[in-house]
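Working notes, structure below.
The values are calculated or read from the model by the stated rules, or taken from the named source; none is laboratory data. None of the values given here were measured: they were computed from a predicted structure. So basically every Cβ, Gly included, is an ideal-geometry build from the backbone, and we count neighbours across all protein chains shown.
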Amino acid sequence: MNAPTETLFLSHETPFVGLAHPFIEQVNTKPLPQPYWIDWNNTLAQSLNLPIERSKPWLDICSGLVDKAWCSVYSGHQFGVWAGQLGDGRAHLLGSINTIDKHYEVQLKGAGVTPFSRMADGRAVLRSSIREYLASEAMAALHIPTTRALALVGSNLPVRRETIETAAVVTRVSPSFVRFGHIEHYAHRNQLPQLITLLDFIINQYYPQLLESDTPYIDLFELIVSHTARLMAQWQAVGFCHGVMNTDNMSVLGITLDYGPYGFLDHFDWQHICNHTDQQGRYSYANQPHAGYWNCAALASAFWPLINDEALLSERLERFHERYEWSYLQLFRKKLGFKKQEESDAALIKDLLDMLHHHQVDFTLFFRQLCELSLTNSSQDELIFAPLERSLSLFNSWLSRYRQRLMLEHSEDRERQSDMRRTNPRFILRNYLAQEAIKLAEEGDFSMVRQLKTVLDKPFDEQPTHQHWAQLPPQWAKEISVSCSS
């Protein structure tokens, strides 16, 4: 197999590859037959000093036509149950791209089987690949840590799921794809030399501030806990539901990893479940922070062999709650336009969300409309809430408290409104929009995938030509069901 010349942009001397066996295995890909472009993320490509135009060599790379690739082994807890050995079942690490100040690993998802495929076919289907491609970039534009998506290519290769679908490959980019499950794998096997090697690698590559620490492993654990807590708060603040928060889908860097069944809230619902496989609601919107804490507790068990101090581990683990609450309040204060902190803010926020839940108010649209509220002209309030198809009377009591809170810090309308518009998005990746784009794509029309990507790149802008994508979702959107099948 002759790799395209553009692989010169990729360094095979990736630090993670340097760990070698047993952490990583060199494998062969199985390129998509007759691949075609669906999209090339020229914005991300430009930031990585890659060509901004699509090219045949990059089409070959992104479909799996490469000389070298690697995959890694990990384990994990799935829906709270130890699942044992897992691994990159359809993910192939190609190498890295280095910019002046950052290092990124490049990975294909869907380019064939690996030693860890567990009887699966190593493929990804078009619909799930579109969802991952769009979600990765939507989250990045919302300033939420995430893997990125460089390219999306398709093929007419048939793939069997519930029905026969066609194959696709997403090219993913991230500083690292190391998961909680990597650490759990060696700890549960009592392979302490390998566990130490892995943790030392994580510190050297991603947490170099710990190199001078006298207690690097417990400090590393605390940083992972802190980043995870922050990420949970960021998800909650934009109404994002992950759906499969297993420990093998949790990043040691605190970035959003693996977009399987996910969803952004339409009407606010504390108990919203985005993954219909999750019948018990383990990963519902309200439970996400608790699931993040539970996963950190599972990670604490993996650190136990090297720390052997239950009180110390417990103390660092419990800091999750402090970090989460602080981040959560800060993010929602920004959404409400507050510059100062008041003890009453937590109750004000909780009461607002309970009201949105009770009246099934659209989460994103409410906060965006709230940006227009004026302290000097309350006569316009009815117009502000009209797009929500809800009467102002539903909000009057809470709005009175909100106005008092704003006046307490002498909030100025123009400055606050501008700040809030930069915090509360006009556009999110609603499930029905993704579904419409997928339906067109399955008919060979990828225009909506590309248009959505462009709009979601600037979620805080008005973009009047696409205002119909910022309105209340249609009734049929409630019937959309997303599962782990991909």
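Per-structure values
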| quantity | calculated |
| --- | --- |
| Flag for residue 224 being modelled with pLDDT of 95 or more and surrounded by fewer than 23 Cβ atoms within 10 Å (Cβ to Cβ) | no |
| Given (1) loosely packed, with under 15 Cβ neighbours inside 10 Å; (2) touching a residue at least 40 places away in the same chain (Cβ under 8 Å), number of the condition residue 53 does not satisfy | (2) |
| Single condition residue 439 does not satisfy, out of (1) part of a helix (DSSP H, G or I); (2) surrounded by fewer than 16 Cβ atoms within 10 Å (Cβ to Cβ); (3) in contact with a helix residue (DSSP H, G or I) (Cβ under 6 Å, 6 or more places away or on another chain) | (3) |
| Residue that is nearest to residue 29 (Cα to Cα), among those in segment 55-113 that are among the hydroxyl-bearing types (Ser, Thr, Tyr) and modelled with pLDDT under 95 | 96 |
| So residue 302, is it among the hydrophobic types (A, V, I, L, M, F, W, C), buried (at least 22 other Cβ atoms within 10 Å of the Cβ), over 30 Å from residue 470 (Cα atoms) and at pLDDT 95 or above | yes |
| Single match in 244, 238, 252 (criterion: at pLDDT 95 or above and closer than 19 Å to residue 109 by Cα) | 244 |
| Answer from 167, 229, 151 - the residue that is touching a strand residue (DSSP E or B) at 6+ places or on another chain (Cβ under 9 Å) and either assigned to a loop (DSSP other than H, G, I, E, B) or within 30 Å of residue 422 (Cβ to Cβ) (or both) | 151 |
| Residue within segment 14-28 that is among the small types (Gly, Ala, Ser), surrounded by 18 or more Cβ atoms within 10 Å (Cβ to Cβ) and part of a loop (DSSP other than H, G, I, E, B) present | no |
| Segment 47-79: number of residues that are more than 22 Å from the chain's Cα centre (by Cα) and closer than 24 Å to residue 131 by Cβ | 8 |
| Qualifying residue in segment 154-176 (condition: within 26 Å of residue 481 (Cβ to Cβ), under 25 Å from the mean Cα position of the chain (by Cα), among the β-branched types (Val, Ile, Thr) and buried (at least 24 other Cβ atoms within 10 Å of the Cβ)) | yes |
| Residue, nearest to the chain's Cα centre (by Cα), within segment 300-357, restricted to residues that are acidic (Asp, Glu) and assigned to a helix (DSSP H, G or I) | 325 |
| Residue tally, condition of a type outside the set (S, T, N, Q), in contact with a helix residue (DSSP H, G or I) (Cβ under 8 Å, 6 or more places away or on another chain) and either within 24 Å of residue 44 (Cα to Cα) or in the same structural domain as residue 365 (by TED's automatic domain parsing) (or both), over segment 449-471 | 11 |
| Residue in segment 358-376 that is nearest to residue 238 (Cα to Cα), counting only those that are free of Cβ contacts under 8 Å to residues at least 40 places away in the same chain and part of a helix (DSSP H, G or I) | 369 |
